[in-house]
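Structure incoming, see below.
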Amino acid sequence: SMRPLTPDAVFRVESISKPVTAWGLLHLVDAGRLNLDDDVASLLSTWSPPPGTPPFTARQLLSHTAGVGLGDFTDRYPPEDSVPDLRSSLAREFRIDAFPGTRFAYSDTGFNLLELVVEEVTNEDFGAWMGREILAPLGMTGASYDWDSTFAARVPTAYTLHNEAVVPYVYPGRGSGGLFATMDDVARFVLAGMTGVRVPARPVL
C-alpha cells in the first residue's frame, strides 16, 4: 500500500556518506591524531594491504587518487542478517588499479578503508564514534551509520526501473555508503559546510 513521504523518513543516502566520513577524518586531523599524508598502512594494525602494495595516504583516499579499485557496491545484506565484517570485506574487495597519485578513480573500497583508519586511530567502533563526534554536534539527530530497527517503518520503498521494490539493505562497509539520514540531517550537514551561515550546533571542524 502507498504511504505519504513525511519529514521523518529515513533514507539510505548512499555516497552522501562519503563527505560525512571525510569530516570524521578531518576532525581527527584537527585534534592532532592523524596526518593525512602518512602511509595508511602505518596506521593499521588489524588489517594490512597485500604485500607489495605501493604506499598511499589518507589524503589520496579522500580524493579518490590512491589507485584503489571501486569495489562491489552490489554486496548488500538484509539489515537484520549477519553481515561480513569490515576487515574480511576489505580482504575480498581491496585491489590497486593504478599507481597511487597518478589519476582519479572513484572508490567505495577506499572510503571503507578510511572507516577502518578511524577505528584504528580512535580504538572505537566507527558508527559510535561518528555518531558522537560528527553527527550529534552537527544536529544530525536522525542520522546513523548503523541500522536501527525503528528505521524499518521509516525507510521509503525504492523501486527499480522494472517496478520491483527494493527492500532495505546494508553494506559490510559503512564509510562509503552506509549512512541513514533524514533530509533535515542532510540539510544540516550541507549548511555546516557553508561559510557565512549560522548553524544551531557547535562546530566540528
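When the gyration tensor of the chain is built from Cα positions, what are the square roots of 5 times its three eigenvalues, in whole Å, from largest to smallest?
Semi-axes, largest first: 28, 22, 15 Å.
Moving on. Of Thr65, Thr122, Thr46, which has the most accessible area with a 1.4 Å probe, and how do the rest follow in descending order?
Largest accessible area first, the list is Thr46, Thr65, Thr122.
Moving on. Taking only protein heavy atoms into account and a 1.4 Å probe, give the accessible area per residue of segment 48-205 in Å².
Solvent-accessible surface per residue comes out at 50 Å².
Mean separation of Cα pairs under 8 Å and 6+ residues apart, divided by the residue count of the chain: what relative contact order is that in percent?
Worked out over the chain, it gives 32 percent.
Please list 3J(HN,Hα) in residue order for segment 57-68, calculated via the Karplus relation 6.51 cos²θ - 1.76 cosθ + 1.60 where θ = phi - 60°; whole Hz, with x for glycine and proline.
Running phi through 6.51 cos²θ - 1.76 cosθ + 1.60 with θ = phi - 60° gives 10, 5, 4, 5, 4, 5, 9, 6, 10, 7, x, 7 Hz.
Measure nothing but the geometry: give the 0 to 90° angle between the long axis through the Cα atoms of 183-192 and the longest principal axis through the Cα atoms of the chain, rounded to 10°.
50
Working from Cα positions, state the angle (0 to 90°, nearest 10) between the long axis of helix 108-122 and the longest principal axis of the chain.
80
Mind checking segment 144-205 for trypsin sites (Lys or Arg not before Pro) that DSSP puts in a loop (not H, G, I, E or B) and that have at most 16 other Cβ atoms within 10 Å?
Passing sites in segment 144-205 are Arg154, Arg198.
To continue, here is another question. Could you compute the FRET efficiency for Ala9 and Thr160, with r as their C-beta to C-beta distance and R0 at 25 Å, rounded to 0.05? Please report the intermediate quantities before stating the final value.
Details: r = 19 Å, r/R0 = 0.77.
In this case the efficiency is close to 0.80.
Related question: With only Lys, Arg, Asp and Glu charged, each at its Cβ (+1 for the first two, -1 for the last two), find how big the charge dipole of segment 150-205 is about the Cα centre; round to the nearest 20 debye.
On the way: 5 positive and 3 negative charges, 59 e Å.
Its charge dipole is roughly 280 debye.
What part of the accessible area of the chain, given as a whole %, is carbon or sulfur when the probe is 1.4 angstrom?
Carbon and sulfur atoms account for 56 percent of the accessible area of the chain.
Could you work out how much longer the chain between Met194 and Asn35 gets when fully extended? Use 0.36 nm per residue separation minus the Cα distance between them, nm to one decimal. Walk me through the numbers on the way to the answer.
Working: separation 159, 0.36 × 159 = 57.24 nm, distance 2.43 nm.
Extending this stretch completely gives an extra 54.8 nm.
Taking the chain as the reference, fit the longest principal axis to its C-alpha atoms, fit the long axis of helix 17-30 to the helix C-alpha atoms, and give the angle between the two in degrees, 0 to 90, nearest 10.
Roughly 50 degrees between the two axes.
Along the Cα→Cβ direction, 7 angstrom out, place labels at Asp184 and Ala98. What is the inter-label distance in nm?
Inter-label distance under the simple model: 4.1 nm.
Moving to a separate point now. Give me the percent relative contact order of segment 16-127, please, defined on Cα pairs under 8 angstrom at least 6 residues apart.
33
Considering only protein heavy atoms, with the full assembly of protein chains and a 1.4 angstrom probe, order Phe11, Phe126 by accessible area, largest first.
Phe11, Phe126
List the residues whose amide H sits under 5 Å from the amide H of Val166, counting only those 5 or more places along or on another chain, with H placed 1.01 Å from N in the peptide plane.
Correct list: Ala158, Tyr159, Thr160.
Pop the C-beta distance of Glu120 and Ser63 into the FRET formula with R0 = 25 Å and round what comes out to the nearest 0.05.
The formula returns an efficiency of 0.80 here.
Working only with C-alpha atoms, what are the Rg and Dmax values of segment 1-97, expressed in angstrom?
Rg and Dmax of segment 1-97, Cα atoms, are 16.9, 54 Å.
May I pose another question? Report the Cα centroid-to-centroid distance between segment 71-86 and segment 100-179 in angstrom, as an integer.
So the two Cα centres are separated by 12 Å.
The values are calculated or read from the model by the stated rules, or taken from the named source; none is laboratory data. All figures in this text were calculated on a predicted structure; none of them were measured in a lab. Neighbour counts are summed over all protein chains in view; Cβ atoms, including those assigned to glycine, are modelled from backbone coordinates with ideal geometry. All accessible areas refer to the heavy atoms of the entire protein, side chains included, with ligands and DNA or RNA removed. Shrake-Rupley method; radii C 1.70, N 1.55, O 1.52, S 1.80 Å.
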